[in-house]
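The block underneath contains the structure these notes are about, expressed in structure tokens.
Values quoted throughout were computed directly from the atomic coordinates according to the rules given, and no laboratory measurement underlies them. What you are looking at is a predicted structure, and each value in this text was computed from that prediction instead of being measured. Neighbour counts run over all protein chains shown; Cβ positions are idealised from the backbone, glycine included.
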Amino acid sequence: MNPFNALLGESPEFQAVIRSSQIAAATDVTLLLLGESGTGKEMLARGVHQSSGRAGRAFVAINCAALPESLAESELFGHRKGAFTGAVADNPGYIRSAHGGTLFLDEVGELPLSVQTKLLRFLESGECQSLGSSETRHSDVRLIAATHRDLRAQVEAGAFREDLYYRIHVVPLELPSLRHRTGDVTRLVSHFITEMAEKHGVDAPSFNRSAMARLAEYRWPGNVRELRNLCERMVILLSGQDIGVDNLPAEIAQPSPQGHIFDLPASGISLDQLEQQMISQALDRSEGNCSKAARLLGLTRDTLLYRIKKYAISA
């Protein structure tokens, strides 16, 4: 079975990332997964691990945002008994636990600067030292990091080490938001409804045409995770029923009172030309600062740089 089959979606935007991930999985290169919360970064990391030569070894996933700052170093690198108050036993740490396998650092931008320094040393030498120990040990670990933040902006703000940024920014892969995945909402709804009905042992409901149109128009700030949760709710509360617009949550059922951000002229437009103009305006307003321009456009800095290169725009 292809480990990437769990990542559902047929849109060109999504499949391009999957193809790049399959190529990268054949190597031990460090990956940086970018994208909004709920786009499936951990699932992609697992797919890469399961398609790699490390598939039979450990996959250790850590949410860096959930690590208490005072314990982040000992959790990652381990500690000896008595190294600090509360250290009642030896702890090998997540890095040593992942030896031979893959270490997935989700929300890597949340790591304290002091831990970033030690992580950089580990990535460059493969050596790590537990708190309270004078012994240095080598760990063979493939790193996959992920973030929904603009790390380049954090570097400029002094919140993330520049040398670590370049060390993990070897092969960046950006998962598109669900609203940018052409046609995938309909495909995912069908899959999730069937999956959840089987899971809970009930009859699957069905969305009528109007309800499905609202799902396709919605911006999905929580991305695939939000869509999956909605489908499970509908399966439980409306099993076997026909779901209409009135059954949807208010934020989906009611169009935004703000109306369209942009009104399409009757004569049509060139989408590429519009995108070029928006990028140029953002760069002008930010005085050439790509991180600020990316924030104005709702993009990551890496995506903006890719599009600047694509259109040969002078930054």
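Some values worked out for this structure:
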{"item": "Principal-axis tilt of helix 113-125 within the chain, Cα atoms, nearest 10 degrees", "result": "70"}
{"item": "Compactness of segment 271-311 - radius of gyration and Dmax, Cα, Å", "result": "8.9, 24"}
{"item": "Selected from L111, L299, S134, residue furthest toward positive end of dipole (the chain; charges at beta carbon)", "result": "S134"}
{"item": "Simple label model, 7 Å out from Cα along Cβ direction - N5 to S314, nm", "result": "5.3"}
{"item": "For the chain: span of alpha carbons on each principal axis (Å, largest first)", "result": "70, 57, 37"}
{"item": "Whole-Å semi-axes of the ellipsoid equivalent to segment 136-229 (Cα gyration tensor, √5λ, descending)", "result": "39, 19, 10"}
{"item": "More than 18 Å apart - percent of Cα-Cα pairs taken over segment 26-72", "result": "40"}
{"item": "Extension gain, R19 back to V171 (0.36 nm per residue minus Cα-Cα distance, nm)", "result": "53.4 nm"}
{"item": "Within the chain, percent of DSSP bridges classed antiparallel, to nearest 5", "result": "15"}
{"item": "Expected 222 nm ellipticity per residue - DSSP helices of 4 or more, -39500 (n - 2.57), all of the chain, to 500", "result": "-13000 deg cm²/dmol"}
{"item": "Segment 84-146 - Rg (one decimal) and Dmax (whole number), Cα, Å", "result": "12.1, 32"}
{"item": "Separation of the E275 and D163 label points, Cα + 7 Å toward Cβ, nm", "result": "3.7"}
{"item": "Viscosity 1.567 mPa s, temperature 4 °C, Stokes-Einstein D of segment 17-157 from Kirkwood C-alpha radius, µm²/s", "result": "82"}
{"item": "Inverse of mean 1/r across different Cα pairs in segment 182-253, Kirkwood, Å", "result": "12.0"}
{"item": "Total lysine pairs under 24 Å (Cα atoms) in the chain, excluding pairs fewer than 8 apart on one chain", "result": "4"}
{"item": "Sequence-separation-based contact order of segment 182-253, relative, with Cα cut under 8 Å and 6+ spacing, percent", "result": "44"}
